Each structure stands twice: as C-alpha cells, then as structure tokens.
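One structure below.
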Amino acid sequence: MKLATAGVDSNKKKKRVAKPPLGKRIKNWWKDFFRQWELQSMVWPGIIFMIIFNFIPIYGLTIAFRQYTVIDNFDTAPWVGLDNFRIILNDRFFWESIVNTLGISFLKLGIGFIVPIILAVLIFELRQGPFKRIVQTISYMPHFLSWIVLGGMLISWLSTTGLLNSILAGLGFTISNQNYLLSAQNYWWIAVLSDVWKSAGWGTILYLATISKIDPSYYEAAKIDGASRIKQITKITVPMMKHIISLNLILTISGLLGSNLDQTLVLMNPQNQARAEVIDSYVYRMGMTQGDFSYATAVGLGVSIVSVILLVTSNMIIKRLNDNTSVL
C-alpha cells in the first residue's frame, strides 16, 4: 500500500508543471492578442465602453453618503454617513412610490409575463403563410413606437371624447364621458395593459426561436398516439420552453422594483400622481427637479441592492425547481 501511495504521489508531482515566468506569460498574451486581432477589435470597444460608462461611474455612488450639491465635487461634499437612508425610511412619499411600483410590477408579472408565452404558442400554431407574417408584424409594431407617441395616443383615446368612450357608447353602454387618465384608481390597469400592448409581441421572439428548435418528430409521434393540439402544446411545446421561461422569470422578478420611467412621465398627471408615482419617477423628481442628488442616489442604491437580492434568491428557487439546474 505504501508503495502504491508513493507511486501516486510521484505521478502527481510529475504532472505539476511549473508556471512560466510573468514576462513570458505577458509575451504569450500579446501573441494571442495579435493572432486574433480581428476578434479583439470587435470585443475591446465594448469592454472600453462598459469601463467608461458602467464601472467608472460607480464611484459616484459615494454621494449617497454625502450631502452633495451642484457646487461640490465628490471629494469636497461633506460626509453624512447613513443620514440619507434614515430620511428615506421616514419619507411617506417614498413608501407610496414603493406601493405603486410593487402593485404595477406584480400586475405586469401576472399578465405581462404570461401573454407573450400564449401569443408565441398561438403564432407558432398558425399555418405558414401571409396571415402568420401579418400577425407577427402587427404584434411587433408597438415596440418600435416610443412612449411619447403611444402616450399621446392613450391620452387622446382615454379622454372624455376619446376612442374608448365612443366605442362604449356605440355598444350601448351608459357612460359618464370621464377622462380615465384623470382617475387615480384606473392608473394601475392603464399602465399594465398599455405596457403589455407595447411589449407582448416583441417578447415572443425568444419563445418563438425556442419553439422553432423543437424536433418535429416529437409532434409526429404525438399525432400517431392520437394527441390533440392542446395535448401537444401542454406536453411538448411548453415543457420544451422551460429554460427560457425560467430565465425570463428570474429577470422579471429581479426587476420588480424597476418600472417604466418613460411611460410614467408621459401618463402621470397631478390627478393620478398618488397612484402613478413609482420609484424611478420619484428618484428622477428628487434628483433632477428638486436637486437633492444625495437623496436620489441613496434611493437608487437601495433599490439596486434589493434587486440583486431578488435576482440571487429567484435564481436559487428556480434552480431547485429545475433539479438543481441553473439557467443563469
């Protein structure tokens, strides 16, 4: 046994290869760099962009712990520690924006996450032809319109003499000619349904790409066994989409505290602000309108930390549900 152990130890020692000196490693790195200069020329501009616009600005987060004004710089602003975070915890308007953000986000999670999956399956089930291409094109179109354009359309449609009241009157409903965007109670549903209308078609792209890669022999075998179209969808199509659905679910959960700032700024008005103010618009208003940059940065930093926690937690939960297989 000792001889065998000694033999194993000697083999391990033989397998250990000494690292080349640092100068040689650097020289080899440069050789590899110039040998792949075409690929490197495409990669490095993106890396430099990320360093300049994503990593260097991280230093600016220090103003969350300072009393920063426009006449200060990051080093001269007085240090206040956690005072900005204490103010946040006692700010009634901040907690109202939290409630609105979570309310809208959970509605979007329940409706906006399911609709693209259903729409992708329906489009896939359509026969190849002009009608299928027309449906796809129409569903994609709202994504390419800015919220300025869509917001103007919604403001017009939901006004007292707008399209919605005209349709309801034409169908025989008794209406009070109200402006729906001036009602705070209606705002959550307006924000959710308009966001689904804009993004549902675009959200089908990943699902359709995944469905198109499913082996057709699965469907042929299911047809031979007498499976209906519904059975094929529930037993083949949807299970095969499990990984991309899990990935999108993780990203959606991690973004629960984020909201569509463009949409909010376009649709929010003094009458519906109590239900329309979300975290992003609140940070924008405190920072850009009132000039309290330290407070706005502290709110943004707190939201980012919570979002990372949601991302890690949702990934761990979905990993366990997927037999310890991570999709990230």
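Hey, among I58, I87, I63, which residue is hydrophobic (A, V, I, L, M, F, W, C), free of Cβ contacts under 8 Å to residues at least 40 places away in the same chain and out of contact with any Gly (no Cβ under 8 Å at 6 or more places or on another chain)?
The match here is I58.
I need a count of the residues in the range 176-210 that are farther than 27 Å from L102 by Cα and in a helix (DSSP H, G or I).
Qualifying residue count for the region: 3.
Search the range 136-162 for residues that are assigned by TED's automatic domain parsing to the domain that holds A120 and without any contact (Cβ under 8 Å) to a residue 40 or more places away in the chain and pair each with any residue that is of a type in the set (G, A, S) and assigned to a helix (DSSP H, G or I) when their beta-carbon atoms are under 7 Å apart and the residues are at least 6 apart or on different chains.
G162/S156
Residue under question is L311, and the condition is that it be modelled with pLDDT of 90 or more and farther than 19 Å from P57 by Cβ; does it hold?
no
Determine whether V70 is in contact (Cβ under 8 Å) with a residue 60 or more places away in the chain, exposed (fewer than 10 other Cβ atoms within 10 Å of the Cβ) and not acidic (D, E).
yes
Identify all residues within the range 174-207 that are under 19 Å from the mean Cα position of the chain (by Cα), crowded, with 18+ Cβ neighbours inside 10 Å and not β-branched (V, I, T); write none if there are none.
Passing the criteria: W188, A191, S194, D195, K198, A200, G201, G203, Y207.
So which helices (runs of 4 or more DSSP H) are wholly in the range 211-328 and hold at least 3 residues that are closer than 30 Å to D72 by Cα and not small (G, A, S)?
Once the helices (runs of 4 or more DSSP H) in the range 211-328 are filtered for at least 3 residues that are closer than 30 Å to D72 by Cα and not small (G, A, S), what remains is 261-267, 279-284, 293-321.
Against the condition at pLDDT 90 or above, hydrophobic (A, V, I, L, M, F, W, C) and in a helix (DSSP H, G or I), how does V135 come out, does it pass?
So V135 does not fit the description; no.
Among the candidates G110, G81, single out the residue that is free of Cβ contacts under 8 Å to residues at least 60 places away in the same chain and on the phi > 0 side of the Ramachandran plot.
Among G110, G81, only G81 is free of Cβ contacts under 8 Å to residues at least 60 places away in the same chain and on the phi > 0 side of the Ramachandran plot.
Pick from I87, I71, I63, I104: which is part of a helix (DSSP H, G or I) and farther than 30 Å from R275 by Cβ?
Step by step, each of I87, I71, I63, I104 is checked, and only I63 is part of a helix (DSSP H, G or I) and farther than 30 Å from R275 by Cβ.
Yes/no matrix, rows are residues, columns are (1) in the same structural domain as L261 (by TED's automatic domain parsing); (2) modelled with pLDDT of 90 or more:
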position	(1), (2)
I71	no, no
T76	no, no
L89	yes, no
V99	yes, yes
I104	yes, yes
L107	yes, yes
I111	yes, yes
V115	yes, yes
L119	yes, yes
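Is at least one residue of the range 214-227 touching a residue at least 24 places away in the same chain (Cβ under 8 Å) and not β-branched (V, I, T)?
no
Being assigned by TED's automatic domain parsing to the domain that holds W188, hydrophobic (A, V, I, L, M, F, W, C) and more than 15 Å from the chain's Cα centre (by Cα) narrows it down to one residue among V303, V278, V308; which is it?
V278
Residue-wise test of (1) more than 28 Å from G291 (Cα to Cα); (2) over 26 Å from the mean Cα position of the chain (by Cα); (3) surrounded by fewer than 10 Cβ atoms within 10 Å (Cβ to Cβ).
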| position | (1), (2), (3) |
| --- | --- |
| P20 | yes, yes, no |
| R25 | yes, yes, no |
| F33 | yes, yes, no |
| S41 | yes, yes, yes |
| I48 | yes, no, no |
| I52 | no, no, no |
| F65 | no, yes, no |
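Check the range 120-138 and report whether any residue there is among the hydroxyl-bearing types (S, T, Y), within 31 Å of the chain's Cα centre (by Cα) and surrounded by 14 or more Cβ atoms within 10 Å (Cβ to Cβ).
Within the range 120-138, none of the residues are among the hydroxyl-bearing types (S, T, Y), within 31 Å of the chain's Cα centre (by Cα) and surrounded by 14 or more Cβ atoms within 10 Å (Cβ to Cβ).
In the range 248-284, how many are under 22 Å from L301 (Cα atoms), surrounded by fewer than 18 Cβ atoms within 10 Å (Cβ to Cβ) and not small (G, A, S)?
Residues that pass the stated criteria total 6.
Select from the range 165-204 the residues that are closer than 21 Å to N272 by Cα and without any contact (Cβ under 8 Å) to a residue 12 or more places away in the chain and list them in ascending order.
I175, S176
I'd like to verify a number: residues in the range 256-272 that are among the aliphatic types (A, V, I, L, M) and at pLDDT 90 or above, how many?
Result for the range 256-272: 4.
Please go through (1) of a type in the set (D, E, K, R); (2) surrounded by 15 or more Cβ atoms within 10 Å (Cβ to Cβ); (3) over 30 Å from Y282 (Cα atoms) for K108 and return the number of the only condition it doesn't satisfy.
Among (1) of a type in the set (D, E, K, R); (2) surrounded by 15 or more Cβ atoms within 10 Å (Cβ to Cβ); (3) over 30 Å from Y282 (Cα atoms), K108 violates only (3).
Every residue in the range 187-200 that is of a type outside the set (A, V, I, L, M, F, W, C) and either at pLDDT below 90 or touching a Gly at 6+ places or on another chain (Cβ under 8 Å) (or both), please.
D195, S199
The values are calculated or read from the model by the stated rules, or taken from the named source; none is laboratory data. On a predicted model such as this, the values are computed, not experimentally measured, just so you know. So basically every Cβ, Gly included, is an ideal-geometry build from the backbone, and we count neighbours across all protein chains shown.
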